[in-house]
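For reference, the structure is listed below as structure tokens.
Every number in this text was worked out from the coordinates using simple rules, so none of it is lab data. Everything numeric in this text was worked out from a predicted model, so none of it was measured. Reconstructed Cβ throughout: ideal geometry from the backbone, glycine too, with neighbour counts over all protein chains shown.
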Amino acid sequence: MQTSSPIDLEFDPIDWQQMELLAQLSPAQRTLTMVGAAEFVRAGLRATFHRRYPDLSAPEINMKVLAYLTPVRGIEL
């Protein structure tokens, strides 16, 4: 019986086409791409928390997003 390593179970396969596209970008362009992807994730989290907690204000939703993304113990969502 063959077992998979934990890495095989946790990560998607490498997208070689995406890697080739990113390799053509300058370091600044790669950074902007990463920042854009991170903002996309934060916007999705804000929308999810807004649906889950419709009575919270925008600053309160932002604090929930920050708490979700910050690996600090003791912060309760």
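Sequentially through region 25-34, phi angles give Karplus couplings (6.51, -1.76, 1.60; θ = phi - 60°) of 7, 6, x, 5, 5, 5, 5, 4, 5, 5 Hz, Gly and Pro residues having no value and appearing as x. For chymotrypsin sites (Phe, Trp or Tyr not before Pro), the sites in region 11-62 that DSSP calls loop and that have at most 12 other Cβ atoms within 10 Å are PHE11. A simple rule links phi to the HN-Hα coupling: the Karplus curve 6.51 cos²θ - 1.76 cosθ + 1.60 with θ = phi - 60°, which for region 36-41 gives x, 5, 5, 5, 4, 5 Hz, with x for Gly and Pro.
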